[in-house]
Amino acid sequence: MEARFIDLHGYKDCIELINGDSRVVIEPNCGGRILYYEYKGVNALYINPADDGYLHASGKSPAGPFSPCAGRCDIGPEMTTLPHPDLWLGNWIARIQDDQSVEMTSIMDHETGVQLTRIISLEEHFAKLKFTQTILNISEITKNYFHWSRTFCTGGGIAIAPVNEESRFPKGYVIYGPGDVINYRPEPDHKVYIQDGLLQIFGPPAAKKFAMDLSEGWLAYVTRDSRLFVKKFPVYPGRVYGELASNNMSFWYNGEEMCEVEPIGPLETIQPSYEASFTETWYLMEYDYPGAIPVKTSDIRKIIDILVM
């Protein structure tokens with residue numbers, strides 16, 4: 001086990017965690033992200049070289065709107081939360097807690113009225129990573145936000161999610177688009193289908209964004225370089241979720257470039273000086289990419305059952 005500061009991709013004072021065959025690199029300079037989540041030298045996260053060294057405070061601006069790559073995280077609701085570039089792109093304070101864990105803290109953001117803390121810890125078995133985000137209300141009024149994970153994975157893989165048998169969506173999922181439409185009866189797509197209770201999406205599909213109301217708290221993604229990335233997280237069927245479709249997850253494909261894997265937490269009512277936390281548990285392991293052949297649902301179910309949060 002090892003934790004150390006390194007310079008990487010044009011950024012100083014990133015933190016590298018190594019545990020057996022697992023490696024994580026945490027980047028605090030631009031939004032408090034995870035840049036690398038590796039098992040046996042293969043990174044499951046999408047890295048855009050054009051992002052290297054971007055610093056929000058410097059005024060350096062790449063062509064077009066800037067959205068950082070790799071293991072991003074945010075707060076929602078997406079459509080009603082005020083812009084918060086100092087949280088999304090700003091510099092965070094990072095410290096090594098021990099050889100397995102790192103804590104990052106954002107500025108006090110008075111636009112949103114919150115300060116964010118992220119704790120990331122790494123275990124060797126299945127490259128198990130725990131990611132906890134805490135939202136602290138630093139304002140004098142009640143705030144309503146939720147955890148919104150926005151992880152960019154490498155492109156063109158297979159996204160997998162369990163369909164809720166009691167879903168309020170007629171097909172178990174909705175798609176976004178064209179434009180502002182949320183389509184609850186999407187047209188058939190030969191790259192999207194449900195088998196044995198699992199939705200499988202072969203990237204890239206015709207629609208970019210998919211949303212579901214999960215009853216089981218997990219998502220999976222098979223990369224083209226034969227890694228299975230699993231996220232497990234709590235779901236709360238009796239609570240309010242704050243996205244437009246009241247969904248608790250989303251997949252978003254940007255062509256062949258990347259796929260965004262997004263657990264979403266319930267809407268939290270946070271009183272002044274109080275906080276709310278949400279934890280995701282990540283796993284990464286070898287798994288043969290099947291190409292155009294469906295992933296065996298029994299295999300995925302067996303793997304999910306043995307992964308303990």
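The values are calculated or read from the model by the stated rules, or taken from the named source; none is laboratory data. In this text the structure is predicted, and so the values were computed from the model without any measurement. Counting neighbours? That spans all protein chains shown, and the Cβs are built from the backbone with ideal geometry, glycine included.
Residues of segment 1-33 that are assigned to a strand (DSSP E or B), out of contact with any Cys (no Cβ under 8 Å at 6 or more places or on another chain) and among the charged types (D, E, K, R): Glu2, Arg4, Lys12, Asp13, Glu16, Arg23.
Table: residues versus (1) of a type outside the set (Phe, Trp, Tyr); (2) crowded, with 19+ Cβ neighbours inside 10 Å; (3) touching a residue at least 60 places away in the same chain (Cβ under 8 Å).
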{"position": "Met104", "(1), (2), (3)": "yes, yes, yes"}
{"position": "Glu124", "(1), (2), (3)": "yes, no, yes"}
{"position": "Leu129", "(1), (2), (3)": "yes, yes, yes"}
{"position": "Thr134", "(1), (2), (3)": "yes, no, yes"}
{"position": "Cys153", "(1), (2), (3)": "yes, yes, yes"}
{"position": "Pro170", "(1), (2), (3)": "yes, no, no"}
{"position": "Gly177", "(1), (2), (3)": "yes, no, no"}
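In the condition set (1) surrounded by 14 or more Cβ atoms within 10 Å (Cβ to Cβ); (2) at pLDDT below 95, Pro188 is compliant with all but (1). Say we look at segment 136-151 and pick out the residues that are among the hydroxyl-bearing types (Ser, Thr, Tyr) and within 13 Å of the chain's Cα centre (by Cα); which of these is surrounded by the fewest Cβ atoms within 10 Å (Cβ to Cβ)? Top of the filtered list is Ser149. Scan segment 273-303 for residues that are surrounded by fewer than 17 Cβ atoms within 10 Å (Cβ to Cβ), among the acidic types (Asp, Glu) and either under 23 Å from Glu38 (Cα atoms) or free of Cβ contacts under 8 Å to residues at least 12 places away in the same chain (or both) and the total you get is 3. If you go through segment 13-46 and keep only what is within 16 Å of Thr105 (Cα to Cα), of a type in the set (Gly, Ala, Ser) and more than 14 Å from the chain's Cα centre (by Cα), you end up with nothing.
Among the residues of segment 270-294, those identified as at pLDDT 95 or above, out of contact with any Asp or Glu (no Cβ under 7 Å at 6 or more places or on another chain) and among the small types (Gly, Ala, Ser) are Ser273, Ser277.
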